[in-house]
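Heads up, the thing below is written out as structure tokens.
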Amino acid sequence: MTKPEHIAIIMDGNGRWAKSKGLPRVAGHRAGVKTLRKLIEHAVKLRLNAITVFAFSTENWQRPEKEVDLLMDLFISALESEVEDLHKNNVKVTFIGDRSAFSSKLQNSINQSESLTINNNGLSLNVAANYSGRWDIIQALQSVASEIKSNTLAIDEINELQVASKLSLANHKDPDLFIRTGGEQRISNYFLWQTAYTELYFTETLWPDFDSTQLELAIDWFSNRERRFGKTPEQVAQTQNQ
Ligand code: FPP
């Protein structure tokens, strides 16, 4: 069975999960953190390589101030309570996105969790926070432009590899499986460049209800996909038989 090497996840449906139980939205986010914890445990067991979760998008600042504040507090408390366990499990934590907009307390928690786990070589847990796919492409272009300005790069040297090397997670394989819970079928400004050949999996399950069985269902679905990368089915079969 082909296992995905890198799974990108949109953890959607926390608010609706809470509403269905007559609870405030933040209870849904708290339940979402518990789900994430269990998912990571299971991913470690399955020896998955990398998971990148969308924790907070550039657009999420538009939510009611109270919800944003509660989410920020939740990030801090989740990091503080989980980082030791993540470290013990050899998980390497990396944040992508513009962290400069976060409070210094949250930035400290982020920096500490990254530096504690930097040498771990088990599961890579990447957290996209104040991230968007368009932001990522823009910051990559800025970096390319500054190399051109300083004459370290010529315009005709700009190619896919050059641009990809400046994107967040350039050291990772592009996600091969994208999972979105909560029933919506869109990318919502998550990885844009990096999902060119990603298999897209959508489930109605709300994030707090997404458990290890659900993860395995998604992986099974992935392993039955024929990944052609623009080639014909016959060409793919030929390469597999070589
Ligand atoms: C989307 O559900 C979920 C979020 C915007 C937040 C997800 C964040 C976590 C689960 C915490 C992760 C914590 C760390 C430290 C990585 P929604 O609110 O859009 O749900 P709805 O569509 O039902 O309203």
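Return yes or no: is residue 177 within 14 Å of the ligand (Cβ to nearest atom), within 30 Å of residue 84 (Cβ to Cβ), among the aliphatic types (A, V, I, L, M) and modelled with pLDDT of 95 or more?
Values: within 14 Å of the ligand (Cβ to nearest atom): no; within 30 Å of residue 84 (Cβ to Cβ): yes; among the aliphatic types (A, V, I, L, M): yes; modelled with pLDDT of 95 or more: yes.
It is false that residue 177 is within 14 Å of the ligand (Cβ to nearest atom), within 30 Å of residue 84 (Cβ to Cβ), among the aliphatic types (A, V, I, L, M) and modelled with pLDDT of 95 or more.
Out of the residues in the stretch 1-56 that are touching a strand residue (DSSP E or B) at 6+ places or on another chain (Cβ under 8 Å) and either open to solvent by 40 Å² or more (accessible area, probe 1.4 Å) or near the ligand (Cβ under 7 Å from one of its atoms) (or both), state the one that is farthest from residue 194 (Cα to Cα). Don't jump to the end; show me each part of the working.
Quick first cut of the stretch 1-56, residues touching a strand residue (DSSP E or B) at 6+ places or on another chain (Cβ under 8 Å) only: 4-12, 36, 39-40, 43, 48-56.
The next check asks that each one be either open to solvent by 40 Å² or more (accessible area, probe 1.4 Å) or near the ligand (Cβ under 7 Å from one of its atoms) (or both); those that pass are 5, 11-12, 36, 49, 53, 55-56.
Working: 5: 14, 11: 18, 12: 20, 36: 22, 49: 17, 53: 14, 55: 18, 56: 18 Å.
Only one residue tops the list, namely 36.
Kindly establish whether residue 187 is within 16 Å of the ligand (Cβ to nearest atom) and open to solvent by less than 10 Å² (accessible area, probe 1.4 Å).
Working: within 16 Å of the ligand (Cβ to nearest atom): yes; open to solvent by less than 10 Å² (accessible area, probe 1.4 Å): no.
Here the answer is no, as residue 187 does not meet what is asked.
So, residue 201, is that one closer than 28 Å to residue 134 by Cα, loosely packed, with under 15 Cβ neighbours inside 10 Å and aromatic (Phe, Trp, Tyr) or not?
No; evaluated as a whole, the condition is false for this residue.
Could we say that residue 160 is within 16 Å of the ligand (Cβ to nearest atom), open to solvent by 40 Å² or more (accessible area, probe 1.4 Å) and acidic (Asp, Glu) here? Lay out the reasoning, then the answer.
Working: within 16 Å of the ligand (Cβ to nearest atom): no; open to solvent by 40 Å² or more (accessible area, probe 1.4 Å): yes; acidic (Asp, Glu): yes.
No, not satisfied.
Given 108, 89, 121, which one is open to solvent by 70 Å² or more (accessible area, probe 1.4 Å), more than 19 Å from residue 8 (Cβ to Cβ), of a type outside the set (Val, Ile, Thr) and in contact with a Gly (Cβ under 7 Å, 6 or more places away or on another chain)?
Values: 108 fails: in contact with a Gly (Cβ under 7 Å, 6 or more places away or on another chain); 121 fails: in contact with a Gly (Cβ under 7 Å, 6 or more places away or on another chain).
Every option except 89 fails the conditions.
The values are calculated or read from the model by the stated rules, or taken from the named source; none is laboratory data. This structure is a prediction, so every number in the text was calculated from the model and none was measured. Here Cβ is always computed from backbone atoms with ideal geometry, including for glycine, and neighbour counts include all displayed protein chains. Ligands, DNA and RNA are excluded from the accessible area calculation, which covers all protein heavy atoms including side chains. Shrake-Rupley method; radii C 1.70, N 1.55, O 1.52, S 1.80 Å.
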